[in-house]
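Have a look at the structure below before the remarks.
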Amino acid sequence: NTQGKWWKDGVVYQVYPASFMDSNGDGLGDIRGITSKLDYIKSIGATTIWVCPHYDSPQFDLGYDISDYESVFPPYGTLQDMDDLISGCHSRGLKIIVDLVINHTSYLHKWFQESRSSKSNPKRDWYIWRPAKYNANGRRIPPNNWRSNFSTNAWTWDEATQEYYLHLFCPEQPDLNWENPETRKAIYASAIEFWLKKGVDGFRVDTVNMYSKPKDLPDAPIINPKAEHQGAASLYCNGPRMHEFLSEMHDVMAPYDTMTVGECPNTPDRSKVLKYVSAAEKQLDMVFLFDVVDVGQGTETKYDTTPRNWTLPVLKKAVNNSQSLIIGTDAWTTSFMENHDQARSISRFASDAPEHRVHSGRMLAMLNATLSGTLFIYQGQEIGMINMPEDWPIEEYKDVESGNFYKYVARATNSDPVALAKAKAAIQHLSRDHARYPMCWDSTPQGGFSTNPKTWMRVHDLTDEINVAQQEADEGSVLNFWRRMLKVRQDYSKLLVHGYYEVLDEKNEHTYSYWKTSKDSRALVVLNFTHRAQDLELPKVETGGRLNLAISTYEHSTGAFDSLRPYEGRLYILE
Ligand code: TEU
C-alpha cells in the first residue's frame, strides 16, 4: 500500500514537554523550550513532531489527567506559546501532532466537578457512576473487581453522593462516559476541533481502544486469587461500540488533513487491529501495537518479571506482528521501540555497558530505520540515552505507575525484602521514569536542560558522556548514525518504508536478519544482538544483484561478510 499520504513516509519525533528543554529556568521543560529546538529536530531527519500533553493539568499522571483541553499547563507556557510552536513547525516544513487524551479527564475538569456535585446534576451521566455492592459480611465493595492500570482498585467511593466512579488509571483520572452522545459531542468540540482550528496536523490518540466499556461492567475472571482486584484489560479494551465511536470521531476530523495514530494496548488479535486501521474502515490511520514494547514484561502485571526475561526469537515475532499488518491489506502500520511509557531500548534490547552502548545504539537505529510503517522516535533515543543508573535510590523514580507498584508490593508482602528487591530490579529495568529524566543537551550543568540546579527529575550521571553537543561533533556518534539512516530511509522509501518484510533466521537467538523487498530492489539487514562476534549463514548478497549500498554500524568498511562484530548491524541494498 503506497498511497502518497504525508504521514506514511514520515518520521515522527516525540517530545515530552517536562523533560525536553527548560527555557525559563524553573527546572521544568516548557513549550518555548521545544520551539527553540525545532531546527535540531529537523536536522535529525524528522518530518513531524508529537508533543505529549501540554494541557492544563494537576499532573497526577504527568499531563495525561487533563483539567482543561483548551488551555496550556501554565508552567509550560500559554496558548500563544502553542501558536508559536505550531507556526514554528510549519514554517520549517514540519508537521505537529498533539496528544488526545479522551478516555478520561482530570478530576479537576469542570465536567467532573459538576458530575460529582449531585446525582441529579445534568452532567452526572458524563462519567461512570455506580452504586456500591455489599459482600456477605455486609461490607461495602466496588461494583466489580477491576484493577486499574496503576495497581489499585479501578473504583473510588464518593462520600458526598454515595456512589463509586470508574477510573482505569489514577483515581484523579475519572473515565468519561462515551455512551452519552452529549458527552461525545463536547469531547469532539473541546479536545479535537479546538486544536485542529489552531492548526495542529493530527493526534496521537491515547488509550484509543478503551472508550467503550462492556455492558453491565462484569467482573473480570480471577487470574490471581490472592489479589484483591483483577486485571480486566480484556474486558475494557476493544469494547462493543469502539468502531462506532471511532467512525464518528473520524467524521469530525474529516474536513482537515489529519494524521491519527491510536495507542492500542492488549490487542493481540490481528483481525481486531485491522478493523481500526484498514483504510476502508475510515477510523484511524495507524496504531501503536504493544507487541515489541511488551517483550520481556510480565503478563499478570508489567513488573512481574526479571530483567532481560526474553529471547531474540520473541522480539522477531513481535516485530513481525506489526510489519505483517500491511501485507495484502489496505492498512498502515508503525514502527517504534521507545516512547514516554517505556524504558530505554538500548538498556532493554541491547547493552548499555560503556563498551557496547554506542554500537548498540547504532544497531537499533538500523533496525528501526529499515522497518516498514511510519517511524516514531522518542527524544534522546537519537543520541542513545540509556536507563537511569542502577545505584539511584527508589526515591528518584517519580512516576505514579512505578511508585504505586512498589507500594503495592510492600503492602502485599509486608515489606518482604526479597519481594521488594525483585520489584526494584523490575522497576530499574522497565519503569517509565527511564524515558522521563531530562534530555541531555551538552556538558554544562544540568546537561544544558535547565539553568536551575533543582530540575524536576534528576539529570543522568552520564550526561557528560551522552549528549547532543558532543555527538554533533563526532562523525561516528549515534546521532550522526541516525541522521545517516533516516536519509537512507528517505532515499529508499519504497523499500524501507513500504517494502515487504521477511525474516531469515526466525529461530536464531543471536542474530536477526531480514529481507525488505519492493518491486525492483531488495535490502538485506543483518544484526548481531550479542556482545560476541557471530557467524552468518546467509545467502551471498554480492551475487544476488547489483550492490547499491552497504552500511555497517561499525566504521565505514563492512568487514568480513561471514561474521558480525559485537552488536554490529549491516544493511545491503541491491537492485
Ligand atoms: O498509556 C496507556 C496504557 O495502556 C498504559 O497502561 C501503558 O500501557 C503503561 O503506561 C505502560 O507502562 C497511556 C499513556 O501513554 C500513559 O502515559 C498514560 O499514563 C495513560 O495512557 C493514561 O492516560
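Observations on the model:
- Taking amide H positions as modeled 1.01 Å from N, with prolines and chain starts lacking one, the residues under 5 Å from Trp50 and 5 or more places away or on another chain are Tyr13, Gln14, Val15, Ile97.
- Point-to-point label distance, Lys519-Arg458, nm (Cα→Cβ direction, 7 Å offset): 5.6
- Compactness of region 110-166 is given as radius of gyration and Dmax, 12.1, 38 Å, from Cα positions.
- Helix 312-323 axis versus longest C-alpha principal axis of the chain: approximately 70°, rounded to the nearest ten.
- The C-alpha atoms of the chain define a longest principal axis, and helix 79-91 lies at about 30 degrees to it.
- Amide H to amide H, with H built 1.01 Å from N, Val72 comes under 5 Å of Asp56, Leu79, counting only residues 5 or more places away or on other chains.
- The stretch between Lys119 and Ala186 holds 22.1 nm of extra length on full extension. This uses 0.36 nm per residue minus the Cα-Cα distance.
- Couplings 3J(HN,Hα) for region 141-149, derived from phi with the Karplus relation 6.51 cos²θ - 1.76 cosθ + 1.60 (θ = phi - 60°), are 10, x, x, 8, 9, 5, 9, 6, 5 Hz, where x marks Gly and Pro.
- Contact order for region 110-166, expressed relative to its length and based on alpha carbon pairs under 8 Å spaced 6+ residues apart, stands at 31 percent.
- Fraction of the pair-distance distribution of region 176-324 above 24 Å, Cα-Cα pairs, percent: 43
- Over the residues of the chain, the helix contribution to mean residue ellipticity at 222 nm works out to -7500 deg cm²/dmol, using -39500 (n - 2.57) for each DSSP H run of at least 4.
- Taken along the Cα-to-beta-carbon direction at a fixed 7 Å, the label points for Asn135 and Lys5 span 4.8 nm.
- For region 61-175, the relative contact order works out to 23 percent when only alpha carbon pairs closer than 8 Å and six or more residues apart are counted.
- Overall dimensions of region 325-381 as given by Cα atoms, namely Rg and Dmax in Å: 13.1, 44
- Segment Ala410-Leu79, extension gain: residue separation times 0.36 nm, minus the distance between their alpha carbons: 114.9 nm
- Separation in nanometres of the label points that stand 7 Å from Cα toward Cβ, at Val418 and Ser87: 6.4
- Scalar couplings 3J(HN,Hα) for region 294-301, obtained by applying the Karplus form with A = 6.51, B = -1.76, C = 1.60 to θ = phi - 60°, are 7, 4, x, 8, x, 9, 5, 9 Hz; x denotes Gly and Pro.
- Based on C-alpha pairs under 8 angstrom that are at least 6 apart in sequence, the chain has a relative contact order of 13 percent.
- Residue exposure sequence - Ser23, Ser148 - by fewest surrounding Cβ within 10 Å: Ser23, Ser148
- Nonlocal amide H pairs with Ile141, under 5 Å, H built at 1.01 Å: Lys133, Tyr134, Asn135
- Magnitude of the charge dipole, region 23-133, Cβ model with Lys/Arg +1 and Asp/Glu -1, debye to 20: 520
- From phi via Karplus (6.51, -1.76, 1.60), per-residue ³J(HN,Hα) for region 225-237 in Hz, x at Gly/Pro: x, 7, 7, 6, 10, 10, x, 10, 4, 5, 8, 8, 9
- Averaged over residues, the count of other Cβ atoms within 10 Å places the peptides 215-221, 471-477 in the sequence 471-477, 215-221, highest first.
- Every Cα-Cα pair of the chain was included, and the share exceeding 44 Å stands at 16 percent.
- Rounded if a/c under 1.5, otherwise prolate or oblate - region 378-525, Cα gyration tensor axes: oblate
Just so you know, all these numbers are worked out from the coordinates, no wet-lab data involved. Nothing here was measured: the structure is a model prediction, and the numbers come from that model. Cβ: placed from backbone, ideal geometry, glycine included. Neighbour counts: every protein chain shown.
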